[in-house]
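Chemist: Quick one: structure below, then a few questions.
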Amino acid sequence: MIDTRRRRLLQAFAAGSAGLLPGPAWLHAQALPRNVLARPTFDRDPFTLGVASGEPASDGFVLWTRLAPQPLEQGGGMVMKPVVVTWEIAQDDAFRLIVRTGETLAHPELAHSVHVEVEGLAPARPYWYRFVVGDAVSPVGRSATLPASDARVDRVRFAVAGCQHYEEGHYTAWRRIAEEPLDFVFHYGDYIYEGPDRGSGERRMNGRPFTPLRRHVGEEIYSLDDYRRRHALYRGDRDLQAAHASAPWFVSFDDHEIDNNWAGDSDQDGTPRELFLLRRAVGMQAFYEHMPLRRASLPVDGAMRMHRRAGFGDLLQAHFLDTRQYRSDQANGDRDAAQDAVARAPERSMLGREQERWLHDGLRPDHHRWHVIAQQVGLANLAMQPRGPGSDVVYSMDQWSGYLANRRRLLGHIEQSGMKNVVTVSGDAHRHFASDLLQDGEESKVISSEFLATSITSGSDGIGEDDDFTRTTRSLNPHLKAMVDKRGYALCDVTRETWTAELKVLDRVMVPDEPVKVHARFAIEHGRPGMQRG
Ligand code: FE
Ligand code: CA
């Protein structure tokens, strides 16, 4: 708990002495550590991992960077002391009019990452930011505040992206996102992949030959330093850095930030719970260290709070979910399967009881024109043809199709609330899927729609839509309006009357600098659930 009187004194002191407001109160509420390095010097650029902003509100956002002159070396090449970092926010990209500045600490406990929660800015306008440490100056990032909660807003544009396996392609899709005029980016997860470097040779991926474009460093990651080095490897990419620097992000983790298809307190290998929780804790810490998150998301006792909301004036209310941390273990050993009694069991949950209650509390008809549920794994309940013999259809046990009771409650809640303005965005499947959402077994009434965005790179160059899996999945699921195996992202352009979604694709990610194309465009009219090709 922050001592508010001390906080005001400090603010008054800082404002009086420098004419400026200080950094986050939690930092200034404590004395500088005795081991602080007040005047650091660097013989290499400490800003190799770029800058980022996130969690925008109507009066501010989070600024992020991490000091790492040698990002793949132990400690990122830093002196193991807390380091004072100065931040600046300006109304213009040339920094002629600086409106806020302050100092913060990059702690060795957090890999010398910096998280500044800026307050007191004007709503609905862009700002530019940078950091200074010693005589090093960071690249400039652009962020923006949200409109005031009661403001009339006519348009919001955002990208939905994730699944960025480093070995499997260029991050050109991030470069294209950086070139889009966006209000924010939603990252649905799989920011890193935890697997080992598997060598430079040709191997098979998705049934096709594949030679890595670039390589992971080291074995599968388990220790905090392993996770930090993996984040640093990914974050060194210039296209990814450009996207971070272009707009504020809302991030979430999915499975690969920790381990493939983990669920709550269990991994996929049957590791003892208490051991997996140690790994989960360090994976979460490294994730926090590398993301522009608020202090409310700082991991505590091996858990972190990631479900939260953001409002864009009266146009859009966003509900960001966490579909990993509180879920029940997957049914059927996580193999694609028929939806048996376990997949339907009411006590099994995707969200956990507390988050489900929180979501239903906030998901009600109100003054917002639209609500978006921004989450990680598919809600669409897609039937698939089994790979082996037999004719019964199967479903993913890792997606909402393996948590049917929770899915029924969510769609039932939207329907019973009379909401006809809810759209869902998600990812994880390494393909674009655009689907209307219906209750299972009630194939007549459209309740909502889902735009599941394809991967940035995972799966490498795609095969398009002319393959057996796509054809059979399309024929088994009439509510599935588009499906394509290409890399890219989804772009949502939301106005008061229409929600337009473009499924953007790149033909290749194994060569650099491909152009982006629109594979399909859909529109949802306000008050009329269901998407139309447009
Ligand atoms: Fe993925
Ligand atoms: Ca995933």
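The values are calculated or read from the model by the stated rules, or taken from the named source; none is laboratory data. Keep in mind that this is a model prediction, so the values were computed, not measured. FYI the Cβ positions are ideal-geometry reconstructions off the backbone, even for glycines, and counts take in every protein chain you see. Areas reflect the complete protein model, heavy atoms only, side chains present, ligands, DNA and RNA absent. Shrake-Rupley method; radii C 1.70, N 1.55, O 1.52, S 1.80 Å.
Chemist: Considering only residues that are more than 15 Å from ligand 1 (Cβ to nearest atom) and at pLDDT 95 or above, which ones fall in the stretch 426-441?
Modeler: First pass over the stretch 426-441, keeping only residues more than 15 Å from ligand 1 (Cβ to nearest atom): 434-441.
Scanning the stretch 426-441 gives ALA434, SER435, ASP436, LEU437, LEU438, GLN439.
Chemist: Can you name every residue in the stretch 153-166 that is more than 15 Å from the chain's Cα centre (by Cα) and within 16 Å of ligand 2 (Cβ to nearest atom)?
Modeler: Looking only at the stretch 153-166, we keep the residues that are more than 15 Å from the chain's Cα centre (by Cα), and these are 153-157, 166.
Within the stretch 153-166, TYR166 is the sole residue that qualifies.
Chemist: Inspect all residues belonging to the stretch 121-139 and state whether any of them is surrounded by fewer than 16 Cβ atoms within 10 Å (Cβ to Cβ), closer than 15 Å to PRO248 by Cβ, charged (D, E, K, R) and outside the structural domain of ALA281 (by TED's automatic domain parsing).
Modeler: For the stretch 121-139, residues surrounded by fewer than 16 Cβ atoms within 10 Å (Cβ to Cβ), closer than 15 Å to PRO248 by Cβ, charged (D, E, K, R) and outside the structural domain of ALA281 (by TED's automatic domain parsing): present.
Chemist: Also, quick follow-up: Considering only the stretch 428-441, state which residues are touching a strand residue (DSSP E or B) at 6+ places or on another chain (Cβ under 8 Å) and open to solvent by 20 Å² or more (accessible area, probe 1.4 Å).
Modeler: ASP428, ALA429, HIS430, ARG431
Chemist: Something else now. Please indicate, with yes or no, whether at least one residue in the stretch 322-332 is assigned by TED's automatic domain parsing to the domain that holds ARG305, closer than 21 Å to ARG305 by Cα, more than 23 Å from the chain's Cα centre (by Cα) and away from ligand 1 (no atom under 16 Å from the Cβ).
Modeler: Scanning the stretch 322-332, I find no residue that is assigned by TED's automatic domain parsing to the domain that holds ARG305, closer than 21 Å to ARG305 by Cα, more than 23 Å from the chain's Cα centre (by Cα) and away from ligand 1 (no atom under 16 Å from the Cβ), so the answer is no.
Chemist: In the stretch 43-121, which strands (runs of 3 or more DSSP E) lie fully inside it and hold 1 or more residues that are over 26 Å from the mean Cα position of the chain (by Cα) and of a type outside the set (D, E, K, R)?
Modeler: Hits in the stretch 43-121: 83-90, 98-106.
Chemist: Which of the following residues is farther than 27 Å from GLY313 by Cα and within 16 Å of ligand 1 (Cβ to nearest atom): GLU168, GLU103, GLU109?
Modeler: GLU168
Chemist: What single numbered condition from (1) under 26 Å from PRO123 (Cα atoms); (2) of a type in the set (Phe, Trp, Tyr); (3) modelled with pLDDT of 95 or more fails to hold for TRP26?
Modeler: (3)
Chemist: Now a separate question. Please identify the pairs in which a residue from the stretch 402-424 that is touching a residue at least 60 places away in the same chain (Cβ under 8 Å) has its Cβ atom under 7 Å from the Cβ atom of a residue that is part of a helix (DSSP H, G or I) and among the charged types (D, E, K, R), counting only partners at least 6 apart or on another chain.
Modeler: LEU404/ARG344; ALA405/ARG344
Chemist: Please find, within the stretch 414-426, the residue that is farthest from HIS319 (Cα to Cα) out of those that are of a type in the set (Gly, Ala, Ser) and open to solvent by 10 Å² or more (accessible area, probe 1.4 Å).
Modeler: For the stretch 414-426, the residue satisfying everything is GLY418.
Chemist: Let me ask you something else. Among ASP322, ASP301, ASP314, which is farther than 20 Å from LEU146 by Cβ, at pLDDT 95 or above and surrounded by fewer than 21 Cβ atoms within 10 Å (Cβ to Cβ)?
Modeler: On the way: ASP322 fails: surrounded by fewer than 21 Cβ atoms within 10 Å (Cβ to Cβ); ASP314 fails: farther than 20 Å from LEU146 by Cβ.
Going through ASP322, ASP301, ASP314 in turn, just one is farther than 20 Å from LEU146 by Cβ, at pLDDT 95 or above and surrounded by fewer than 21 Cβ atoms within 10 Å (Cβ to Cβ): ASP301.
Chemist: Report, by residue number, each residue of the stretch 364-413 that is assigned to a loop (DSSP other than H, G, I, E, B), touching a strand residue (DSSP E or B) at 6+ places or on another chain (Cβ under 6 Å) and either away from ligand 2 (no atom under 16 Å from the Cβ) or open to solvent by 10 Å² or more (accessible area, probe 1.4 Å) (or both).
Modeler: Once the filter is applied, which keeps residues that are assigned to a loop (DSSP other than H, G, I, E, B), touching a strand residue (DSSP E or B) at 6+ places or on another chain (Cβ under 6 Å) and either away from ligand 2 (no atom under 16 Å from the Cβ) or open to solvent by 10 Å² or more (accessible area, probe 1.4 Å) (or both), the stretch 364-413 yields HIS368, PRO386.
Chemist: Among the residues of the stretch 136-163, what is the count of those that are of a type outside the set (A, V, I, L, M, F, W, C) and within 16 Å of ligand 1 (Cβ to nearest atom)?
Modeler: 1
Chemist: Another one. Considering only residues that are surrounded by fewer than 16 Cβ atoms within 10 Å (Cβ to Cβ) and closer than 24 Å to LEU452 by Cβ, which ones fall in the stretch 345-359?
Modeler: Of everything in the stretch 345-359, nothing turns out to be surrounded by fewer than 16 Cβ atoms within 10 Å (Cβ to Cβ) and closer than 24 Å to LEU452 by Cβ.
Chemist: So which of SER455, SER475, SER444, SER460 is surrounded by 19 or more Cβ atoms within 10 Å (Cβ to Cβ), closer than 30 Å to ASP340 by Cβ and in the same structural domain as ASP255 (by TED's automatic domain parsing)?
Modeler: Every option except SER455 fails the conditions.
Chemist: Which residues, taken from the stretch 337-363, are assigned to a helix (DSSP H, G or I) and more than 30 Å from PRO389 (Cβ to Cβ)?
Modeler: ARG353, GLU354, GLN355, GLU356, ARG357, TRP358, LEU359, HIS360, ASP361, GLY362
Chemist: Inspect the stretch 268-275 for any residue being within 16 Å of ligand 1 (Cβ to nearest atom) and over 30 Å from GLU179 (Cα atoms) and give the result as yes or no.
Modeler: The answer is yes; a qualifying residue exists.
Chemist: List the strands (runs of 3 or more DSSP E) inside the stretch 140-255, counting only whole elements, that have at least 1 residues being of a type in the set (Ser, Thr, Tyr) and open to solvent by 10 Å² or more (accessible area, probe 1.4 Å).
Modeler: Correct list: empty, since no element meets the threshold.
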